[in-house]
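The structure under discussion appears below in the form of structure tokens.
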Amino acid sequence: MEYNFRDIEKKWQQYWKESNAYKVSNNSTKPKFYVLDMFPYPSGAGLHVGHPLGYIASDIYARFKRLKGFNVLHPMGFDSFGLPAEQYAMETGQHPAVTTEKNIRRYHEQLDNIGFCYDWSREVKTSDPSYYKWTQWIFLQLFDTWYNRHSQKAERIPNLVSIFEQEGNANHYCPGNERLIFTAQDWINYDEKSKEDILMHYRIAYSAFGEVNWCEALGTVLANDEVVNGVSERGGHPVVKKKMRQWYLRITEYADRLLQGLEQVDFSESMKDMQRNWIGKSQGAEITFHLTIKQQKELTDEPTLTVYTTRPDTIFGVDFMVLAPEHELVAKITSDEQKAEIDKYLEYVKSRSERERLAEVKQITGAFTGAYAINPFNGREIPVWISEYVLAGYGTGAIMAVPCGDQRDYAFAKYFNIPITNIIGDAYNGDEANPTKDAILQNSGFIDGMVMRNAIGVVIDELEKMGIGKRKVNYKMRDAGFSRQRYWGEPFPIVYKGGIAFPLNENQLPLELPYVDTYSAGPEGEGPLANLADWIAAPGGGTRETNTMPGYAGSSWYFLRYMDPNNDKVFVDRKAADYWGQVDLYIGGTEHAVGHLLYSRMWTKALYDLGFICFDEPYKKLVNQGMIQGASRFIYRITPNLSGEQQFETPGTTNKVLEAHPLYISKSYRDKIVAGEINIKDLFYKISAFSKNNLEIIELLGERLECKLNELHVDVSFVDGVELHVDSLRNSRPEYENALFLLEDGKVISQGVDFDEVNDKYICGAETEKMSKSKYNVVNPDEIVERFGADTFRMYEMFLGPVEQSKPWDTKGIEGVHRFLRKFWRLYVDELKGLILTNDAATPAELKVLHRAIKKIEDDTERFSFNTAVSAFMVCVNELNDLKCHKREVLEPLVILLAPYAPHISEELYQLLQASSTEKLEASSVLDAAFPKYEEKYLVESSKEYPISINGKVRANMNISLDAMQPEVEQIVLQNEIVQKWLDGKPPKKIIFVKGKMINVVI
RNA sequence: GCCCGGGUGGCGGAAUUGGUAGACGCAGCAGACUCAAAAUCUGCCGUUCGCAAGGAUGUGCUGGUUCGAUUCCAGUCCCGGGCACCA
């Protein structure tokens, strides 16, 4: 009986499916454990071997927890709305619903192939109306909600209305319009439209105007990464900023709680740092400056400029002001003299993406407005500039520039020859800015002589006294844009009547996405839905919102739906949500660090505030999986090269050259060409001896022949390690049919020669790159499972390295893991004799091997060190093999230990153990067996082989009792021959003894 | 540019708290079994000097702390991820 993984895996997958082995109940006396993978987007390319890395890790952990006695929720579903499906629809005309369904089916098959323990009865798809009904419903909750800064939680809009009716908004600062202040009487007098406009400034889900990247030529709005150097990535068409009505989520109101919440969750410090930096909380002051404007035009009111700064202590070092080019003041304050220059600059900025504006530091740009701000403390006139490095959305969209303390300001001042005031004495060296807070202030009026750090508060107090400034906490984070001008997303359950946005009633949900057959933008650049006049006209009058929701809408709450996926009364039953609670383990990539993770954390907080769930952080622990990169392979082609002259000189030359048989050379020849050791032309002559066509070309061109070397990606499926299988490549495409290959040891093979008969190799070049179709380095898990089995695939993915780290895929290495599983199998089963287990009592040595493995593997699994756990299995099996151990007492626990990693082989062996046993095993399936118990007593040692170092370098080893104390050890060590040799008669300076670790003799 | 992560043999990686650098596996080399191949098994395997014993050197680079540094500190180079409409 040999290890027939194909039969074994098929058999148990089917059995588990039929017996509902992975079905999870919401009622259990066992403790719960919730293991979740980040929501996959079902792309048309299917899964490649990089995708399942995290899924395997979470599957192992889920199975491990089940063995440890937990009721484990481990669901899977699909984030099936998204741009790629729509893009694909535009290219091929296939409806996104159709392609998405197809992709999901394929993902399903691929995932099942790997043997995951998902409870598929809980599968959710965000594009399914029964799911997005609730996404729309939650959106309406957020629409009907405002953030009460006093109670620090989301509350209902009607409650805000009654506050307004009683006291106006004096106690509830308006987050959407700071200057808005009204009394109860004002409120009562407002008309409906004004009231709704005001409420919109408070709602957590609100609409406002925002800028998008509009590409006229493509007729669509583009994502930032689709815009490169101000033009569209596809086609290079111009892209401009366009203001459009958009939906937003007021996530900024949650900024503080999102920060505080990080203290309660187990994410890596780096992940928390990324979120903290994104939120970007800073303390500082807003300062308002009076302006002097030199222009003819009369102004109705005297303009002032408000800046936000974290360093009010540097107020005397302000040498210029910088406004964001979009700042509303720019038009007002620009002097007639400077108008042309400012206009020219604004034109330039329009073409720049936000990222470019922030990233570009080498090239300094800006323009002077002609206006001056007045320093309130010394009356100095400060020139006001505009520059792209200041963004409108951050702070007040204006900064006070202190060149001696800020490097970007310094560079700007130098570039535009603005004189620099030094307020920090020796701390400023004149060559670069010094952002210190510890210098002593100089040239600083009333704060002269103070340490900067201490002056911050003093200046703010003074500003407040003067009524021109105030303390201010600022966040870099902005409200989240929540609408897309796209088709394939959730429609907004909103109808506009008379310019007012009205929500649909709950019983009108879901508002289903209508069918379309074209995906072009609406007349004003809105999404494709804007073209559907019938659909836009809502039954009760009014027009529908034509934007759709973004990708993160559905994924912000999906972890809740898994708890109660088929409920059509509520988004999740309260009892189910209380039972499952937080996700105990969440596995996914760092690319979601600030997007998805922050949004879903915010949604959870809002749902908590509104009383729907009892926890306000969704993910208790987060593990980030790295990426698996592709192992690209290259072949090297030599082709004759024609210069223009040659093409015309001899008629027919071009055609002749095009008929040349392509030549491919093995890697070492390419290396020699690159190193200049071989002449490329010589090589062409040499190989062309095998080709009549090429010989004719050589004759035709003679000395004028030029050759070039190309490096080409070759599909990795034709390569074993770095060896190319020439015949497979040759048969793959016509262009290779007549090719000649120069192999590593100098043989040349041409068409008709059977590569397998030739005792020589073609070696490919290798490089690690992102796994992608265009690089021909994609490896499909189905293929690997077919060749080696799911158990081998699972263990190999883990064996590659730490889950958190990125690493390249190497199909070659999988054989080691496959060999391990066969070796494991042979501990239990002999090819001829069948089961070879004995009931003999295990020896201490055997028990030691087993318990060392239990300890290591349990520890490693618990701390997600799956790669070292796989190594530990290998070590254990190697040792049991050496001991020729076939004892039930050792091998029965071992099979349970392996089950989370390789469930199929484990179940097969477990059932064989069961069938051959006189006693009944405790569980009917290895899935529900009890995790083996580690016992310390088998591992106790009485002595240790200590390494003996001389000055930190190991020179000898000595076996010394573990009870031995320092004096005794010193005595033993000094008697050692090698130690004596190094001491050379002199006494040691010191002997360091670390019990149980090492001994170091210092001489 | 800013934020985060990572650099250890030919390759993937190990070394859990500052204590024997290279576990485990791949590739390679030598051998056993075999008519042969596959499978399996045994041995070797960082670099360098040496017949050997043994020595020197070695965790991106430059310094520092320490009896002892892959591990801690400072600086620096290179690679990967994110930067708000890809998901």
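A cut-off under 12 angstrom between Cβ atoms defines the neighbours of A:Cys614, and their net charge, with Lys, Arg +1 and Asp, Glu -1, is -2.
Taking other C-beta atoms within 10 angstrom as a stand-in for reagent exposure, A:Leu850, A:Leu258, A:Leu709 fall in the order A:Leu709, A:Leu258, A:Leu850, fewest first.
In this simple spin-label model, placing a label point 7 Å from the Cα along the Cα-to-Cβ direction at both A:Gln152 and A:Asp112 gives a separation of 4.9 nm. Each 10 Å bin, from zero up to the one with the longest distance, holds this percent of the alpha carbon pairs of region A:629-769: 11, 42, 33, 12, 1. Between the beta carbons of A:Asp760 and A:Asn881, assuming R0 = 41 Å, the FRET efficiency works out to 0.65 to the nearest 0.05.
Within the shell of other residues whose beta carbon sits under 12 angstrom from the beta carbon of A:Leu513, the net charge comes to -1, with Lys and Arg scored +1 and Asp and Glu -1. Since only A:His172, A:Val24, A:Thr145 are under comparison, the one whose Cα sits farthest along the positive direction of the charge dipole of chain A, derived from C-beta charges on Lys, Arg, Asp and Glu, is A:Val24. In a solvent-free Debye calculation with one equal scatterer on each Cα, what is log10 I(q)/I(0) for chain A at q = 0.07 Å⁻¹, listed in the order of the q values? Rounded to two decimals, the profile gives -0.90. On full extension, the segment bounded by A:Asn710 and A:Thr183 gains 182.1 nm, given 0.36 nm per residue less the C-alpha separation.
Loop only per DSSP, at most 13 neighbouring Cβ atoms within 10 Å: give me the trypsin sites (Lys or Arg not before Pro) in region A:819-882, ordered by residue number. Each step should come with its number before you reach the end.
Working: sites: A:Arg819, A:Arg822, A:Lys823, A:Arg826, A:Lys833, A:Lys848, A:Arg852, A:Lys855, A:Lys856, A:Arg863; in loops: A:Lys833, A:Arg863.
For trypsin sites (Lys or Arg not before Pro) across region A:819-882 that sit outside H, G, I, E and B with at most 13 neighbouring Cβ atoms in 10 Å, the list reads A:Lys833, A:Arg863.
Figure legend: label point modelled 7 angstrom from the Cα of A:Ser270 along Cα→Cβ; residues of region A:577-598 with amide N under 19 Å from it are A:586-598.
In debye, nearest 20, what is the charge dipole magnitude of region A:629-769 about its Cα centre with +1 on Lys and Arg Cβ and -1 on Asp and Glu Cβ, if you could check?
240
With the highest mean first, a sort of the peptides A:471-480, A:751-760, A:596-605 on other beta-carbon atoms found within 10 angstrom per residue produces A:596-605, A:471-480, A:751-760.
Dividing the alpha-carbon radius of gyration of region A:281-474 by the rule-of-thumb value 2.2 N^0.38 Å gives 1.00.
Once the Cα-Cα distance is subtracted from the 0.36 nm per residue extended length, the A:His725 to A:Ile992 segment shows a gain of 90.3 nm.
Sorted largest first, the principal axis extents computed over the alpha-carbon atoms of region A:865-999 equal 69, 27, 25 Å.
Which of the chymotrypsin sites (Phe, Trp or Tyr not before Pro) across region A:165-225 are loop residues per DSSP, with 13 or fewer other Cβ within 10 Å?
Details: sites: A:Tyr173, A:Phe182, A:Trp187, A:Tyr190, A:Tyr202, A:Tyr206, A:Phe209, A:Trp214; in loops: A:Tyr173, A:Phe182, A:Tyr190, A:Tyr202.
Sites meeting the loop and neighbour criteria: A:Tyr173.
Label point of A:Thr304 set 7 angstrom out along Cα-Cβ; within region A:160-198, amide nitrogens under 14 Å from it belong to A:179.
Taking the empirical scaling 2.2 N^0.38 Å for compact globular proteins as reference, region A:581-691 has a Cα radius of gyration ratio of 2.32.
Suppose the chain between A:Glu328 and A:Ala533 were pulled fully straight at 0.36 nm per residue; how much longer would it get relative to their current alpha carbon spacing? If you can, show how the numbers build up before the last one.
Numbers: separation 205, 0.36 × 205 = 73.80 nm, distance 3.62 nm.
Gain in length upon complete extension: 70.2 nm.
Fewest to most neighbouring Cβ within 10 Å: what's the order for A:Phe634, A:Phe793, A:Phe615?
Working: A:Phe634 20, A:Phe793 27, A:Phe615 17.
Result, fewest neighbours first: A:Phe615, A:Phe634, A:Phe793.
How would you rank A:Cys117, A:Cys764, going from fewest to most other Cβ atoms within 10 Å of each one's own Cβ? Let's see the in-between values first.
Working: A:Cys117 21, A:Cys764 24.
Ranked by crowding around the Cβ, least crowded first: A:Cys117, A:Cys764.
Legend: calculated FRET efficiency, A:Lys344 to A:Arg637, from the Cβ-Cβ distance at R0 = 45 Å, rounded to 0.05, equals 0.35. Placing a pseudo-label 7 Å from each Cα along the Cα-to-Cβ vector at A:Asn780 and A:Glu922 gives an inter-label distance of 4.3 nm. Measuring spread by the Cα atoms of region A:577-618 yields a radius of gyration and Dmax of 11.1, 31 Å. Cβ-Cβ distance of A:Val940 and A:Asp859, R₀ of 22 Å, FRET efficiency by 1/(1 + (r/R0)^6): the value works out to about 0.80.
Given region A:941-1002, report the % of alpha carbon pairs whose separation exceeds 20 Å. When every Cα pair of region A:941-1002 is considered, 15 percent fall beyond 20 Å. With the gyration tensor restricted to C-alpha atoms of region A:892-972, the semi-axes of the equivalent ellipsoid amount to 46, 15, 10 Å, longest first.
Give, as a single signed number, the net charge of other residues whose beta carbon lies under 12 Å from the beta carbon of A:Asn777, with Lys and Arg counted +1 and Asp and Glu -1. Don't jump to the answer; show the numbers that get you there.
On the way: positive: A:Arg633, A:Lys770, A:Lys773, A:Lys775; negative: A:Asp715, A:Glu767, A:Glu769, A:Asp810.
Summing Lys/Arg as +1 and Asp/Glu as -1 gives 0.
Farthest toward the positive end of the dipole of chain A, out of A:Ala340, A:Asn113, A:Gln260, is the Cα of A:Gln260, where the dipole comes from beta carbon charges about the Cα centre. Screening chain A for whole DSSP H helices of 18 Å or more along their axis (Cα) with average Kyte-Doolittle hydropathy at least -0.5 returns A:52-67, A:129-143, A:452-466, A:596-609, A:814-828, A:866-882, A:903-916.
Note down the Stokes-Einstein diffusion coefficient of region A:83-221 in µm²/s, whole number, using a Kirkwood radius over alpha carbon pairs, 37 °C, and 0.692 mPa s.
Translational diffusion coefficient: 169 µm²/s.
Since every read-out is calculated from the coordinates, none of them should be taken as a lab result. What you see is a predicted model, and the numbers here were worked out from it, not measured in a lab. Neighbour counts are summed over all protein chains in view; Cβ atoms, including those assigned to glycine, are modelled from backbone coordinates with ideal geometry.
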